[in-house]
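What follows is calculated from the coordinates using simple rules that are stated; it is not laboratory data. As the structure is a computational prediction, the values presented were derived from the model and not from experiment. Note that we place each Cβ from the backbone using ideal geometry, even for glycine, and neighbour counts take in every protein chain shown.
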Amino acid sequence: MTDNIQREIRDIWNQNAAFWDQRGGDNGLIMQRTLIDPSMERLLDLKPGERLLEIACGNGAFARRMAQHPVNIVACDFAAAFIELAKARTTENRERIDYRVIDANDQAALLTLGTPSGESFDAVCCSMAIMDMAEIDPMLRAVRQLLKLHGRFVFSITHPCFNSGQGIKRVIEQEDKDGEIIDVYAIKISNYATPTSYKGLGIIGQPAAQFYFHRPLNVLFGACFRTGFVIDALEEPTFESSVNPNRPLSWDNYREIPPVLIARLRIA
């Protein structure tokens, strides 16, 4: 990864920060609140008094949710605009959250968050950001050093199989099932196996298209295994609401297809 690409990625997120903050508000976007955060919270299984590091915290919505446990949190993001917005939105439990501007691709910078021995956090999390990172090995190596021996690393991403890459299309088809015409919501996939990068919109209307870095499961988890992690738990949540006729291609209509994947890793 070149410094120019990393600067461009950072500039894009600084441009988009206010828009994402306005859309997500204090508690995050709908998918975050209903699908991602409950799974992340369950897999983190935080106990009072533990220390949590959140990487790529955005406007701090998940950090604020976790601060209710109560735990002590260091929450970092490489976009200074997001950190300023996170600080402004954090009014309750402010003493439990330490916001920092740190690049997740800078292993040395992440390690400054720990003690000289490195093993400083009971848990580390990264919600919906790994697919935005050009490289993940530096972050994984830092997390491995920062975690206590029996700690856990929980992350969420757009699902690599169903919601990642430019070869994925959401479709609606009609089917005659036992004499009844029904709508069938499906995914068409034309590319998966090859890691790719591209630009796209996380939210329609955002100021600048963002980078995405598609990694098939063997590449994603291969990086985790090389770093010394094993998978401890996986969740693939889906929406349970009824069909939304006003937004036919919204993910809440695709109740058999998970748009996100949440994983918990532990040190091997």
Inset, instruction - Calculate, in nm to one decimal, what THR34 and LYS188 gain on full extension: separation in residues at 0.36 nm each, minus their alpha carbon distance. - result: 53.0 nm
Inset, instruction - Sum up the charges of everything whose Cβ sits under 10 Å from the Cβ of ALA17, counting Lys and Arg as +1 and Asp and Glu as -1, but leave ALA17 out. - result: -3
Legend entry - Dimensionless Rg/Rh of the chain - Kirkwood Rh, Rg from C-alpha atoms: 0.97
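Could you line up VAL184, VAL124 from fewest to most neighbouring Cβ atoms inside 10 Å? Could the numbers behind the result be given before it?
Values: VAL184 11, VAL124 27.
By the 10 Å Cβ count, ascending, the order reads VAL184, VAL124.
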Legend entry - Share, in percent, of DSSP beta bridges within the chain that are antiparallel, nearest 5: 60 percent
Inset, instruction - For n ≥ 4 DSSP H runs only, could you compute -39500 (n - 2.57) per run for the chain, divide by its residues and tell me the 222 nm figure to the nearest 500? - result: -8000 deg cm²/dmol
Legend entry - Pairwise FRET efficiency - SER241 versus ALA88, Cβ, R0 = 22 Å, nearest 0.05: 0.10
Inset, instruction - For each of SER250, SER241, count neighbouring Cβ atoms within 10 Å of the residue's Cβ, then give the residues from fewest to most. - result: SER241, SER250
Legend entry - J(HN,Hα) series, segment 161-168, from Karplus relation 6.51 cos²θ - 1.76 cosθ + 1.60, nearest Hz, glycine and proline x: 8, 10, 9, 8, x, 8, x, 10
Inset, instruction - Taking amide H positions as placed in the peptide plane 1.01 Å from N, state which residues far from LEU29 in sequence (5 or more) or on other chains have amide H under 5 Å from it. - result: none
Legend entry - Using θ = phi - 60° and Karplus 6.51 cos²θ - 1.76 cosθ + 1.60, couplings along segment 29-38 (whole Hz; Gly, Pro as x): 5, 4, 4, 5, 5, 9, 9, 7, 4, x
Inset, instruction - Using the number of other C-beta atoms within 10 angstrom as an exposure proxy, rank CYS76, CYS57, CYS125 with the fewest first. - result: CYS76, CYS57, CYS125
Inset, instruction - Let me know the Rg and Dmax you get for segment 1-141 when you use only its Cα atoms, in Å. - result: 14.4, 42
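Would you work out the charge dipole size for segment 1-146 about its Cα centre, treating the Cβ of every Lys and Arg as +1 and the Cβ of every Asp and Glu as -1, and quote it to the nearest 20 debye? Don't skip to the end; give the middle numbers.
Working: 16 positive and 22 negative charges, 75 e Å.
Dipole size: approximately 360 debye.
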Legend entry - Centre separation in Å (Cα based) which lies between segment 102-158 and segment 52-87: 14 Å
